[in-house]
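So the structure is just underneath, and the comments pick up after that.
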Amino acid sequence: MTPRKLTLLSLAALAVCWPLLPDFTVSVLASIALYAIVAAGLVLMTGIAGMTSFGQAAFVGLGAYASAWLCTSPHMAAVWPPALPPTLLPWLGLLLGLAVTLGVAWVLGAATLRLSGHYLPLCTIAWGLSLYFLFGNLEFLGGHTGISGLPPLTIMGWSLASPRALGVLAWLVLMLALWALANLLDSREGRAIRALKSSRVMAESMGIDTARQRIRVFVLAALLASISGWLYAHLQRFVNPTPFSLNIGIEYLFMAVVGGSGHLWGAVLGSALITLLKEQLQDLLPRLLGASGNFEVVAFGLLMLIVLQRFPQGLWPSLARGGQRLLSPFMSLAGAPGTSRAADEAFARRVGKTSPITAFNPPAPPLSMPPIPPAETRETLLDARHMSRRFGGLIANDKVSLSLHAGEIHALIGPNGAGKSTFFNLISGVDRPDDGQLVLMGQAMAGKPAREFARLGLGRSFQHVKLLASRTVLDNVALGAYRSGRAGWLRAMLRLDRHEEAATLKRVRAQLARCGLQAHADDAAGELSLGQQRIVEIARALAGEPRVLLLDEPAAGLRHLEKRALAALLHQLRAEGLGILVVEHDMDFVMTIADRVTVLNFGAVIASGTPAQIQQDPAVLDAYLGGVLEE
Amino acid sequence: MDSQIALLLGQDGLVNGAVYGLLSLALVLVFSVTRVIFVAQGEFVAFGALSLALLQAGRIPPTLWLLCALAAIALGVTLWRHYRGEQVDLRATLFWTLVMPAAAGGLILMQQQLWPQSLLAQSIATAALITPLGPLIYRLAYRPLADATVLVLLIVSVALHGVLVGLGLWFFGAEGWRTTPLSQARFDWGGVTVTGQSLAVVGLAAGLLVLMFLFFERSIVGKALRATAMNRVGARLMGIPTELAGELSFALAALIGAISGMLIAPLTTIYYDTGFLIGLKGFVAAIIGGLASYPMAIVGALIVGQLEAFSSFWASAFKEVIVFTLIIPVLLWRSLRSHTVDDEE
């Protein structure tokens with residue numbers, strides 16, 4: 001019994017019972033599906049992409065009002081060609097709703113999503129309020145009384161006038177949406193979406209246009225809301241502004257968060273919980289408090305506080321774990337112990353819990369050292385000239401020049417605070433220099449974003465490891481291969497990307513094997529030691545097939561054997577013609593691997609040359625020993 | 001529109017803008033010290049105004065029971081943590097959970113018994129009642145989530161807004177209230193009538209601004225708050241208790257909210273849910289200042305006030321639409337000016 005089978009079984013059971021259920025239950029189930037469609041979009045936004053919106057109800061309203069207006073407007077009736085059946089009108093309404101929603105969501109997204117995360121939700125509050133007032137005050141939308149007399153939906157002559165019939169459509173749409181979203185998340189673009197939440201700087205360095213991805217996620221969630229609104233309008237056959245107010249928008253978010261904002265099924269769970277709870281509380285609370293009003297919002301708010309403080313992942317993971325425990329006897333009956341364990345692990349991963357590392361696997365044995373290619377064949381990959389960066393009065397980099405050739409390992413060293421990290425950020429496009437030029441692969445890079453550096457073949461690791469801790473090592477490394485894929489959102493949703501995905505994962509596994517991580521491919525990245533996580537970062541950079549590799553303290557936290565393996569890997573990469581720039585504190589390591597060393601102190605280059613020259617340089621000795629004495 | 005109407009509208013806008021300005025300052029303060037986007041700030045405005053109205057009607061405002069309940073829960077939680085051996089700040093706890101609620105209760109009783117008609121006594125009692133709500137809410141709702149992202153803290157704020165609005169409806173009912181004005185005076189300045197209340201609001205708001213400026217520039221506590229806002233870790237290393245800074249900023253936010261509510265209550269009818277819209281307009285102002293700059297927030301508040309006043313004349317049905325849609329071009333402008341990618345905290 002796998003979760004997938006369990007899902008299908010429950011759905012089949014629901015389908016069988018559907019004609020027998022009482023009318024009231026059917027209409028509650030239909031609204032749960034409508035809410036869950038909206039909440040699923042919010043799960044994608046909030047739990048997975050790390051944005052949020054309180055204004056989804058406004059998008060639901062756009063979808064509902066667009067179709068309501070189109071189906072009832074006398075203008076529309078006047079221009080509608082008599083040759084076409086009027087049953088087409090609601091479908092045209094759906095298209096209009098989607099088009100309007102797309103336009104509005106795109107403008108809102110473009111206005112806010114380049115800024116830091118809290119502007120979008122604030123903007124959606126304002127926007128949710130505005131649109132509610134707008135619906136209530138526009139003459140042609142019926143003002144506060146709304147629009148009544150909407151036609152029912154008809155599919156090939158079948159009328160979906162009854163909630164029982166429309167409910168089936170609502171559940172079908174919900175299942176389709178969940179399937180498409182699950183497919184999307186399990187793809188190249190899905191990895192990019194997940195990366196948005198943890199670190200945008202990292203995602204940009206992998207070549208992902210984060211602002212564009214965020215806008216797309218927001219638009220997709222808005223379109224789902226709009227479809228839900230269209231279904232709602234033709235279920236009720238009447239629209240007014242009330243169900244599209246900010247309060248309802250907030251309720252949608254509660255559904256996603258209470259259910260479990262990191263899990264698509266959390267949307268269904270949350271919608272069911274909140275809908276049923278609301279049903280009960282609307283009767284109970286006014287009687288209890290002796291006054292009439294929407295007091296359920298107090299209960300929901302308190303519920304939210306408790307969930308956020310005690311179950312930050314929402315209720316779905318706890319429920320899934322409980323269900324797994326209940327089902328485990330069946331699971332072991334269903335197949336051989338090995339397969340059931342695999343299923344267990346797959347399930348555990350799906351609910352966000354990863355299996356522990358079974359044993360520490362030593363990295364691959366050191367590779368044989370290939371000969372260094374002759375100097376005359378080398379091409380200059382990266383050339384920084386007189387780069388300066390000032391923070392207020394502090395000059396972090398003062399006219400720093402440095403070049404990197406193909407097939408060399410260049411080390412950048414210097415005491416703490418010398419400006420190495422600042423320089424690293426400048427040459428990887430994360431920060432912009434105040435002065436100076438930077439040429440990468442023969443192109444001037446002034447003012448270009450980090451993803452442009454990635455496009456030209458620059459891969460990097462981060463001093464403070466930036467991995468998606470709960471995702472597998474394989475997933476993390478595959479993110480590095482983002483640029484090599486072509487499959488877009490639509491192909492991913494429709495599962496048309498499998499061929500490409502399989503090829504990508506094969507290459508990613510090869511990179512993992514090369515870095516000695518093959519045994520950890522399916523472990524959660526966060527469970528590895530810090531040293532191993534640094535190697536995962538290198539593997540991720542290599543998955544992008546870079547020509548320039550920037551490594552920020554790759555040897556920090558590595559054991560002796562691991563350092564030897566890393567040195568061997570770097571030598572192998574050099575032999576393949578990569579240019580590698582390493583910032584490192586471990587002098588033994590630097591002096592063994594580097595072809596050239598540049599020393600920074602107080603933001604300026606004080607020496608540059610071979611390791612042997614640097615070790616003799618009086619200025620360097622003074623900087624290091626002087627620094628030690630002062631401390 | 002003639003110049004007289006324009007002057008009247010301008011005056012209206014100035015009065016409202018002054019109140020939005022006060023609120024936007026509180027919002028910027030709370031955000032920079034605690035990273036909390038305190039959407040529920042507006043509820044303090046409504047609670048302040050409506051508590052004052054009930055005191056004027058000779059009734060004990062139910063916000064007092066809310067204060068007692070929150071204080072009891074906060075005290076219970078702290079004692080429980082202390083019992084379990086965790087480190088707790090008993091002095092601050094006792095101050096906010098026993099001393100302040102007792103003072104609020106005492107002031108209300110004194111006011112009702114001794115000076116039932118005195119607006120000053122009523123206002124002081126209201127301020128004492130609302131102010132400790134801020135730190136108590138901070139302790140119960142936000143402190144357990146100190147490491148959460150700005151986004152989660154914002155969701156908490158919205159949940160709190162729901163709770164407080166629902167409680168407001170229960171406490172004060174669905175009908176609106178107006179309080180007695182500070183001044184009934186009317187002046188005729190060159191054909192334009194200026195009410196004493198408007199002058200009082202603008203004057204008091206300006207006075208408060210100066211007081212806050214002095215507090216942040218001169219007093220050691222104010223400087224500590226500013227230091228915390230600039231760099232939390234650094235402030236902690238300098239020995240500034242950042243949790244106390246959080247409580248203090250929430251106390252200031254609640255106090256400012258209560259004062260704003262009391263200033264505006266004689267001018268417009270306040271319902272249990274009016275505060276939210278007023279608070280959000282403060283937000284629009286704060287966003288114009290990028291949630292960081294105090295002077296820009298004040299400028300933003302004045303713009304919002306004027307926009308609201310004039311749009312209520314030209315297109316009164318769309319007043320709120322126009323004010324809240326202002327946020328979009330403002331954000332677009334900020335967005336076009338920003339080049340680097342922010343990493344979320």
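In this structure, A:SER67 does satisfy being surrounded by 18 or more Cβ atoms within 10 Å (Cβ to Cβ), more than 25 Å from the chain's Cα centre (by Cα), in the same structural domain as A:LEU184 (by TED's automatic domain parsing) and not aromatic (Phe, Trp, Tyr). Counting only helices (runs of 4 or more DSSP H) wholly contained in segment A:534-631, the ones carrying 2 or more residues that are polar (S, T, N, Q) and assigned by TED's automatic domain parsing to the domain that holds A:ASN425 occupy A:611-616. Of all residues assigned to segment A:197-205, at least one qualifies as being crowded, with 24+ Cβ neighbours inside 10 Å, acidic (Asp, Glu), at pLDDT 90 or above and within 22 Å of the chain's Cα centre (by Cα).
Can you find even one residue in segment B:313-328 that is assigned to a loop (DSSP other than H, G, I, E, B), within 14 Å of chain A (Cβ to nearest Cβ) and either crowded, with 18+ Cβ neighbours inside 10 Å or not basic (Lys, Arg) (or both)?
Let us first name the residues in segment B:313-328 that are assigned to a loop (DSSP other than H, G, I, E, B), namely B:315, B:326.
Remaining after also requiring within 14 Å of chain A (Cβ to nearest Cβ): B:315, B:326.
Cutting the leftovers down to either crowded, with 18+ Cβ neighbours inside 10 Å or not basic (Lys, Arg) (or both) gives us B:315, B:326.
Yes, segment B:313-328 contains a residue that is assigned to a loop (DSSP other than H, G, I, E, B), within 14 Å of chain A (Cβ to nearest Cβ) and either crowded, with 18+ Cβ neighbours inside 10 Å or not basic (Lys, Arg) (or both).
With the structure loaded, tell me whether B:VAL192 is crowded, with 20+ Cβ neighbours inside 10 Å, away from every other protein chain (no Cβ under 14 Å), in contact with a Leu (Cβ under 6 Å, 6 or more places away or on another chain) and touching a residue at least 24 places away in the same chain (Cβ under 8 Å) or whether it fails that test.
Criteria not met by B:VAL192.
Taking the criterion of being within 15 Å of A:TYR482 (Cα to Cα), of a type in the set (A, V, I, L, M) and touching a Lys or Arg at 6+ places or on another chain (Cβ under 7 Å), the residues of segment A:188-219 that qualify are A:LEU196, A:MET202, A:ILE208. Scanning segment A:521-534 finds no residues that are within 16 Å of A:LEU185 (Cβ to Cβ) and surrounded by 22 or more Cβ atoms within 10 Å (Cβ to Cβ).
The requirement of being modelled with pLDDT under 90, touching a Gly at 6+ places or on another chain (Cβ under 9 Å) and crowded, with 18+ Cβ neighbours inside 10 Å is not satisfied by A:GLY266. Restricting attention to segment B:259-296, the residues that are assigned to a helix (DSSP H, G or I), away from chain A (no Cβ under 14 Å) and closer than 20 Å to B:ALA229 by Cβ add up to 3. Selection of helices (runs of 4 or more DSSP H) fully inside segment A:9-122 by the criterion of at least 2 residues being out of contact with any Cys (no Cβ under 7 Å at 6 or more places or on another chain) and within 14 Å of chain B (Cβ to nearest Cβ) returns A:23-43, A:56-72, A:89-112.
Selection of first residues in segment A:422-446 that are under 20 Å from A:ALA604 (Cβ atoms) and assigned to a helix (DSSP H, G or I) and of second residues that are small (Gly, Ala, Ser) and at pLDDT below 90, restricted to Cβ pairs under 7 Å at least 6 apart or on distinct chains, gives the following pairs, ordered by first then second residue: A:THR422/A:ALA396. Test B:VAL30 against the criterion of being within 24 Å of B:THR228 (Cα to Cα) and in contact with a Lys or Arg (Cβ under 9 Å, 6 or more places away or on another chain), and give yes or no. In short, no.
Yes or no: segment B:44-53 includes at least one residue that is at pLDDT 90 or above, more than 22 Å from B:SER157 (Cβ to Cβ) and surrounded by 14 or more Cβ atoms within 10 Å (Cβ to Cβ).
Residues of segment B:44-53 that are at pLDDT 90 or above, as a first pass: B:44-53.
Next cut, more than 22 Å from B:SER157 (Cβ to Cβ) only: B:52-53.
Pick out the ones that are also surrounded by 14 or more Cβ atoms within 10 Å (Cβ to Cβ) and you get B:52-53.
So far as segment B:44-53 goes, yes, one or more of its residues are at pLDDT 90 or above, more than 22 Å from B:SER157 (Cβ to Cβ) and surrounded by 14 or more Cβ atoms within 10 Å (Cβ to Cβ).
Scanning segment A:470-487 for residues that are part of a loop (DSSP other than H, G, I, E, B), of a type outside the set (Lys, Arg) and modelled with pLDDT of 90 or more yields one hit, A:ALA481. Does A:ALA78 meet the test of being of a type outside the set (Ser, Thr, Tyr) and either touching a residue at least 40 places away in the same chain (Cβ under 8 Å) or touching a strand residue (DSSP E or B) at 6+ places or on another chain (Cβ under 6 Å) (or both)? Against the criterion (of a type outside the set (Ser, Thr, Tyr) and either touching a residue at least 40 places away in the same chain (Cβ under 8 Å) or touching a strand residue (DSSP E or B) at 6+ places or on another chain (Cβ under 6 Å) (or both)), A:ALA78 does not qualify. Confirm whether A:ALA225 is closer than 27 Å to A:HIS144 by Cα, touching a strand residue (DSSP E or B) at 6+ places or on another chain (Cβ under 6 Å) and assigned to a helix (DSSP H, G or I). It is false that A:ALA225 is closer than 27 Å to A:HIS144 by Cα, touching a strand residue (DSSP E or B) at 6+ places or on another chain (Cβ under 6 Å) and assigned to a helix (DSSP H, G or I).
A residue that is within 28 Å of A:GLY301 (Cβ to Cβ), in a helix (DSSP H, G or I) and charged (D, E, K, R) occurs somewhere in segment B:70-87. For segment B:164-213, a residue qualifies if it is charged (D, E, K, R) and assigned to a loop (DSSP other than H, G, I, E, B), and the qualifying residues are B:GLU175, B:ARG178. May I ask you to verify whether A:ASP398 is within 16 Å of A:LEU550 (Cα to Cα), of a type in the set (D, E, K, R) and either surrounded by fewer than 18 Cβ atoms within 10 Å (Cβ to Cβ) or touching a residue at least 40 places away in the same chain (Cβ under 8 Å) (or both)? Here the answer is no, as A:ASP398 does not meet what is asked. Checked against the criterion of being modelled with pLDDT under 85 and within 20 Å of B:PHE38 (Cα to Cα), the candidates B:ARG186, B:ARG226 yield just one match: B:ARG226.
Exactly one residue out of B:GLN117, B:GLN122 is in a helix (DSSP H, G or I) and either β-branched (Val, Ile, Thr) or under 30 Å from B:PRO181 (Cβ atoms) (or both): that is B:GLN122.
Flag set for A:GLY429, criterion: more than 25 Å from A:HIS263 (Cβ to Cβ), in contact with a strand residue (DSSP E or B) (Cβ under 9 Å, 6 or more places away or on another chain) and among the small types (Gly, Ala, Ser).
Which of the residues spanning segment A:130-162 are in a helix (DSSP H, G or I) and among the hydrophobic types (A, V, I, L, M, F, W, C)? The answer is A:LEU131, A:PHE133, A:LEU134, A:PHE135, A:PHE140, A:LEU141.
The values are calculated or read from the model by the stated rules, or taken from the named source; none is laboratory data. Predicted model, so just to flag it, every value in this text is computed and none were measured. Cβ sites come from the backbone with ideal geometry, for glycine too, and all protein chains shown count toward neighbours.
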